[in-house]
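Have a look at the structure below, then the notes.
Taken together, the values in this text are just the output of simple stated rules run on the coordinates, not laboratory data. In this text the structure is predicted, and so the values were computed from the model without any measurement. Methodologically, a virtual Cβ is constructed for each residue, glycine included, from the backbone with ideal geometry; neighbour enumeration extends over all protein chains shown.
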């Protein structure tokens with residue numbers, strides 16, 4: 001399995017690792033990262049990096065640009081000065 005079916009479980013694992021390490025371990029968010037929403041979910045759960053694979057296969061390389069633009073918008077809308085401030089935000 002890869003892609004969308006893994007996203008919910010991936011977020012659960014990111015949450016768990018972030019909480020167990022007090023956010024002191026870099027976490028790579030993988031599994032179902034296919035949109036700005038799923039990327040934002042992984043980052044606010046504690047991922048400091050995200051990986052795309054299935055989204056690139058199914059949506060083409062432009063999906064990366066779309067996600068980056070969406071993350072920039074979410075960063076501004078949430079009054080963060082940078083994306084790094086959003087890492088693990090939902091645990092605050």
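Structure notes:
- Helix-derived mean residue ellipticity, 222 nm - over the chain, DSSP H n ≥ 4, -39500 (n - 2.57), to 500: -15500 deg cm²/dmol
- Nitroxide proxy distance, nm - points 7 Å out along Cα→Cβ at residue 89 and residue 20: 2.6 nm
- Note on residue 59 and residue 76: the model spin-label points, each 7 Å out from Cα along the C-beta direction, lie 2.0 nm apart.
- Label selected from (i) 3, 13, 19, 20, 18, 12, 9, 5, 2, 0; (ii) 3, 16, 26, 24, 19, 10, 2, 0; (iii) 2, 12, 17, 17, 14, 13, 9, 7, 5, 2, 1, 0, the criterion being P(r) over Cα pairs in 5 Å bins from 0, in percent as computed here: (ii)
- Fewest-first sequence of 33, 27 by Cβ atoms within 10 Å of each Cβ: 27, 33
- Proxy reagent accessibility, fewest Cβ within 10 Å first, across 44, 75, 21: 21, 75, 44
- Distance from the alpha carbon centroid of the stretch 57-92 to that of the stretch 9-38 works out to 14 angstrom.
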